[in-house]
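Structure, as structure tokens:
The values are calculated or read from the model by the stated rules, or taken from the named source; none is laboratory data. Computed from a predicted model, the values in this text were never measured in an experiment. Backbone-built Cβ (ideal geometry, glycine too); neighbour counts: all protein chains shown. Side chains included, ligands, DNA and RNA excluded: accessible areas come from the protein's heavy atoms. Shrake-Rupley method; radii C 1.70, N 1.55, O 1.52, S 1.80 Å.
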Amino acid sequence: MSLATNTAFTPAMQQYHRMKAEHPDALLFFRMGDFYELFFDDAVVASRTLEIALTSRAKDPDGAAIPMCGVPHHAVTGYVARLVKQGFRVALGEQMEDPRSAKGVVRREVVRVVTPGTQLEASALEAGETSYVLALAPGDSALGAAWLDPTTGDFFVSEWPGAGRWDRLRDEVGATRPREILVPRGAELPSWLTAPGEAEGAIPRAPLDEAAFDTRSGRRDLLGHFGVANLEPFGCESLPRAAGAAGAALRYVRETQKRDLAHVTSLRTRHHGDGLIIDGLTRRNLELVENLADGGRRGTLLDVLDETATAMGSRLLREWILRPLVHVEPIQDRLDAVEELAFRTVECGRLREAFRGVQDLDRIVGRVTLGTASPRDLCALARSLRALPAAAEAVDGCVAPLVRGQLKDLDPPLEVAADVEATLVDEPPALARDGGLVREGFDAELDELRQMSHGGRTTIAAIEERERARTGITSLKVRFNRVFGYYIEVSKSNLGLVPPDYVRKQTIAGGERFITPELKEYEEKVLRADERILEREAEIFDALRGRVAAAARSVQRTSRAAAILDVLATLAEVSARYNYVKPRIGAGDELHYVEGRHPVMERVLSDPFVANDLKMGDGSPRLLVLTGPNMGGKSTFLRQTALIVIMAQMGCFVPAREAKVGVADRIFTRVGATDHILRGQSTFMVEMQETAHILRHATARSLILLDEIGRGTATFDGLSIAWAVAEQIARDPVAGGKTLFATHYHELTDLAADLPGVGNLHVSAREWRDGVVFLRKIEPGGSDRSFGIQVARLAGLPAPVVARAQEILRNLERTEFDREGRPRLARSEQAPPAEAGRQLALFAGAEEAVLEDLRRLDLEHLTPLQALALLDELRKRLGP
């Protein structure tokens, strides 16, 4: 016998067990009156996670107390959000009928399952971030993937063949950051997707039966949902694994939300190579949308650029940053639009001002179609739609094709706004169940109910006047109290005039109280009025929500156009304010900018940013070896180059005086030191793995940024690896992309003499009073100084250590050796001459140092005054 049919349990607990059996992997919130109750293990887990009291109720059939905890129904959203954030799934079991009218146990059903990927409440979401559910359909030779955002209806698929399919998925997962991943139960997945220590592996996974990813049923579900004969309109007719994944995502969201997904109105296919590929390492190193310090937004490219007025625009800008374009024509369209809006400052300002009155249309429509929208959501939708005509009017005179194209779709369905405004009051309550949301005069039945609920003074006065006239009792009164309801009160002196149809209700000191059939009927109407008002308002609101849902496609089309214009206007505003320039975009090999700047660093530095030039490709070197001191600005130069390319290809002006960018297909970075201790991988191992990845996946159109390759091992080993890597990139016509190779191995500057297409740059610095001044200027040619000891002094290294390091450095630079051929590093002045040959010798004495300096003198260019000064210095060094 199952728990759900065990008659030893109460009918309500049998109902609970039936619902729990249908959702065994979710915490079941079981509605009982004004509370949601949890029982058994669910109660134990929830009480510990939510830090609420764990109690117990009646015993189970074995005599043990049943653990129980609960939360008030009006506060359930916050509790559910906290549980889902911890990775739990929550099933909401609602009462489906009024307990007062129910016969037997109240009927309950699970109306929604809330998972990490299906959170719909605005309080649980970041306005500027997407909330995707990702479904994976792996096959022997291909991998299908589908992303569905339940909050907005955004839906797209990809399919990758071959051995590199998991790498492509990893890049997309890092860029889209899904909230939940659906995988076939028992499927073999790569370690990065399952390891709990990995960023991607931290995303909750929901194992489903393999049948959920069946390609045929997936295709059938998609055809039925979109009402089409084939998937050609969406570009995935010949992608069966993608269709299988899309079908799984669609069914999962539909089954958890218990609703038709009317806001999922379209499907897109992303093909390999239709966007600039930025892998996870590069995305983190460049701090595009998350900083390295705490994973927040502060100090990122998104932080600098995002001044969008709408949530839809903010999400779209994030997408543009993480997935720039790779085709010249659409990039040029964006740049032309930004240019026109930047020059039309008045119109751009009016556009941005109009958008400030527009709320998150996509997510409001999502909540409407999924049945969770509040009255305030619909009023916000109406106000937003009313604001859009002003936005369209502001840029109606623009001629840029991309702007003109959006104006066609920026045609809001104002009839939806009118419907909402005619139905709801201007300031409705947050929840429909609170009542008072429908406008007076909209519904005759509701108006009558409200009149009764408000006391019906006119009706009562009429009844009272009529009864006085009929009975002749001028002191007769119609009154109300909570115990007896409505009644007629007659004084003792007038009891003889009471008509026979009066029914005695109560005797009081001064007379009697009566009730009549008419008054009883009116009382029943009044007592039911408040209850019926809530019911009628709910009916009206649900009908309104259904009418708005029917216009979902039109609202989404308008929202998309508004988002694009919002982003374009934002980029125009930022470009004008920060003195960015429109880059020239081409399909060639060039990467050239004049006075380029780091868009983030220049905003946060207190000192003026030092701009620099770069010229690569198109006849100039394609591999540039960059040398110079620590802290001199090499890494900043590498990162600003990548950011300029990303900004140009996303359609934004760039921080430079002039720029010409040949479109890149991928950007790779190997910057900074990391390790994976939990996987037993050292910093050097990780560095080599990342370098190997670059060498295997780069193409001639890629931009490669390498910083300090080989530094994690012995000097000669590191130099050998760095040389070989640079040489491989320079010699390979297929995989040798444009490369900036920052290094402290000054020997690599010799590559420029050996290989065509290799050049040298260095970061300038000057010594000053035993210190170093960083000029942060990139100049042609190589450098033979790193100024590491000076930087160590700046970092606070103790003075004796700094002095000793300088002593050792001088000896190494003179390449002095002891009798056994080893560098003279150790200090052993007390050692007897016999032992000196067996130990590392002392550093050269003062006499030898003076002799060495004399040997290096350029006598032909030494003036007499300089010679006298030098002789004086050498004499002092030799001592008295």
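At a glance:
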quantity	calculated
Note, ³J(HN,Hα) from phi for the range 282-293, Karplus 6.51, -1.76, 1.60, rounded to Hz, x at Gly and Pro	5, 4, 6, 4, 7, 6, 6, 10, 9, 7, 7, 5
Principal axes of the range 75-187: Cα extent on each, largest first, Å	63, 32, 24
For the range 184-313, projected area of the alpha-carbon convex hull averaged over all directions, nm²	10.8 nm²
Segments 373-380, 622-629 sorted - mean Cβ within 10 Å per residue, highest first	622-629, 373-380
Qualifying trypsin sites (Lys or Arg not before Pro) for the range 94-188 [loop in DSSP, other Cβ within 10 Å: at most 16]	ARG100, LYS103, ARG107, ARG185
Separation of alpha-carbon centers, the range 87-138 and the range 740-761, rounded to whole Å	60 Å
Interchain or long-range residues, amide H under 5 Å from GLY139's placed H	GLY144
In range of the label at ARG479: residues from the range 485-510 whose backbone nitrogen is under 13 Å from the point 7 Å along Cα→Cβ	485-492, 506-510
³J(HN,Hα) computed for each position of the range 491-499 - Karplus, 6.51 cos²θ - 1.76 cosθ + 1.60, integer Hz, glycine/proline x	6, 4, 5, 10, 5, x, 8, 5, x
Additional length obtainable on full extension of the chain from GLU521 to ALA692, 0.36 nm per residue less Cα span	52.9 nm
Euclidean distance of C-alpha centroids, the range 711-732 and the range 290-363, integer Å	40 Å
LYS505 paired with THR345, simple spin-label distance in nm, labels 7 Å along Cα-to-beta-carbon	7.5 nm
Accessible surface, 1.4 Å probe, highest first, among residues GLU427, GLU524	GLU427, GLU524
Rg to Rh quotient for the range 621-661, alpha carbon positions, Kirkwood Rh	1.03
With all protein chains modelled, accessible area of SER493 [1.4 Å, Å²]	100 Å²
Added length on full extension, which subtracts the Cα-Cα distance from 0.36 nm per residue, ARG577 to THR471	29.6 nm
The range 182-274, relative contact order in percent, only Cα pairs under 8 angstrom and at least six apart counted	26 percent
Simple spin-label estimate for ARG48 and LEU189 in nanometres, 7 Å along Cα-Cβ	2.4 nm
Angle between the chain longest axis and helix 444-453 axis [Cα atoms, degrees, rounded to 10]	80 degrees
Amide N of the range 252-283 lying under 14 Å from the label point, which is placed 7 angstrom from the Cα of ALA142 along Cα→Cβ	269-272
Between the range 216-266 and the range 460-537, the alpha-carbon center distance in angstrom	63 Å
Area projected by the alpha carbon convex hull of the chain, averaged over all directions, nm²	58.8 nm²
Assigned charges on the beta-carbon of Lys, Arg, Asp, Glu; the chain dipole about Cα centre (debye)	1520 debye
Overall Cα dimensions of the range 362-518 - principal axes, largest extent first, Å	92, 28, 20
Unit charges on C-beta of K, R, D, E only; dipole of the range 9-99, Debye	260 debye
Options PHE35, LEU193, GLY619, ranked by Cα towards positive dipole end of the chain, top entry (Cβ charges)	PHE35
Theoretical gain in end-to-end length, GLU126 to ALA803 [0.36 nm per residue, Cα-Cα removed]	238.4 nm
Dipole-positive endmost among THR636, ILE488, ALA53 within the chain (Cβ charges, Cα centre)	ILE488
P(r), alpha carbons of the range 242-358 - 5 Å bins starting at zero, rounded %	2, 9, 11, 15, 16, 17, 16, 10, 3, 1
Between helix 799-814 and the chain: long-axis angle, C-alpha atoms, 0 to 90°, nearest 10	50 degrees
Ordering of 530-537, 146-153 by packing [mean C-beta count within 10 Å, highest first]	146-153, 530-537
FRET E, pair ARG82, LEU497, Förster distance 56 Å, beta-carbon r, rounded to 0.05	0.25
Eligible lysines near LYS634 by straight Cα distance, threshold 30 Å, same-chain separation 8 or greater	LYS582, LYS615, LYS660, LYS738, LYS777
Rounded to 10°, Cα long-axis angle of helix 328-343 versus longest principal axis of the chain	80 degrees
In nm, spacing of pseudo-spin labels at ASP98 and ASP396 (7 Å Cα→C-beta vector)	5.2 nm
